[in-house]
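These notes are about the structure you will find just below.
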Amino acid sequence: MARTAAPPVTLRFHRIPHLLDEDDYASLIAAHLPGVAPVNGRRLAALALARLAGADSWPAAARALEMHAGRADRVSDVMVRCISDADAFWQAIAEAGRRLENREPVDYARRRRVLADLDEIPRTVLLDAYRSLGLPVTTRRRRNSAIWLWTHFTGGDAREAPRTRLTSTRTAHQ
C-alpha cells in the first residue's frame, strides 16, 4: 500500500517506539484495522510512522526502527490488506505522529540499547514490593518484572524483550 497525501512528520526514527502507544492506537488507528490484533496494529502503526518520517518502504521503515525483520515483514505484508480506508489511515497515522512529537522526547532506540541485557531484576530491588503483597521473590517473577520493565520503557513487544529472546533462542536450539 502506497502512502497517500498524509503530511510527513518531523519525528526522528529513534523517537518512534516499536509499538504505537495503546491509547493513541485505540483512539486513532484501530478503527482502520478491523479484526487486527492490537499488538500487530500497533506495530504496523509504528512502521507507518517511520514511513511518514522518511522511510521510503516498509522494509526501510523496519530497518530505520531496528525492528525484528520477520515480524515487521509479516505485519506490513499482511496487515496493510486489512486497512479499511487508506487515506483515513494515513491521516490517523499523521495525527499519532503529531501527538508523539508533542510529548516529552523519548529516545526509544537508546533505551533498547541500554536495557538490551536486562533479563532479571535483582532480588533486592523487588523484595519490598513483593513482601508487601505477601509473595516470595522467585526467579520467574524477577524475569517477568524485567520483561515488563523493558516493554514499558522501550515501547517494545514483550516477545522481543531480552529474557524472551534468550528463552526463544534456547528453545530453538534444543
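The values are calculated or read from the model by the stated rules, or taken from the named source; none is laboratory data. None of the values given here were measured: they were computed from a predicted structure. Glycine also receives a Cβ, built like all others from the backbone with ideal geometry; neighbour counts cover every protein chain displayed. Surface areas here come from the heavy atoms of the whole protein model, side chains and all, with no ligands, DNA or RNA. Shrake-Rupley method; radii C 1.70, N 1.55, O 1.52, S 1.80 Å.
For the Cα trace of the range 71-124, dividing Rg by the Kirkwood Rh returns an Rg/Rh value of 1.16. Largest accessible area first, the listed residues Phe89, Phe153 line up as Phe153, Phe89 when surface is computed with a 1.4 Å probe on the assembled protein chains. Largest GNM mean-square fluctuation across Asp21, Asp119, Asp128, computed for the chain with C-alpha springs under 10 Å, falls on Asp128.
Taking the Cα centre of the range 1-154 as origin and charging only Cβ (+1 Lys, Arg; -1 Asp, Glu), how large is the dipole, in debye to the nearest 20?
Computed about the Cα centre, the dipole is about 540 debye.
Relative to the dominant Cα principal axis of the chain, helix 38-52 is inclined by about 50°. Using heavy atoms of the protein chains and a probe of 1.4 Å, the accessible area assigned to Thr124 is about 110 Å².
In the chain, the longest principal axis of the Cα atoms and the axis of helix 69-78 are about 40 degrees apart. Once the Cα atoms of helix 123-132 and of the chain are each reduced to a long axis, what angle between those two axes, in degrees from 0 to 90 to the nearest 10, is obtained? Once rounded, the angle reads 90 degrees.
Normalised by 2.2 N^0.38 Å, with N the number of residues, the alpha-carbon radius of gyration of the range 62-174 equals 1.36. Accessible area per residue for the range 45-151, computed on protein heavy atoms with a 1.4 Å probe, is 55 Å².
Dividing the mean sequence gap of close Cα pairs (under 8 Å, 6+ apart) by how many residues the chain holds gives a relative contact order of 26 percent. Anyone know which of Leu149, Leu52, Leu126 comes out most mobile in the 10 Å Cα GNM of the chain? The residue that fluctuates most here is Leu126. Counting protein heavy atoms only, the chain has 52 percent of its accessible area on carbon and sulfur, 1.4 angstrom probe. Just to check, using Stokes-Einstein with a Kirkwood Rh over alpha carbon pairs, what's the diffusion coefficient of the range 1-111 at 25 °C and 0.890 mPa s in µm²/s? For these conditions, the coefficient is 182 µm²/s. Within the full protein context, the accessible area of Glu22 is estimated at about 120 Å² for a probe radius of 1.4 Å.
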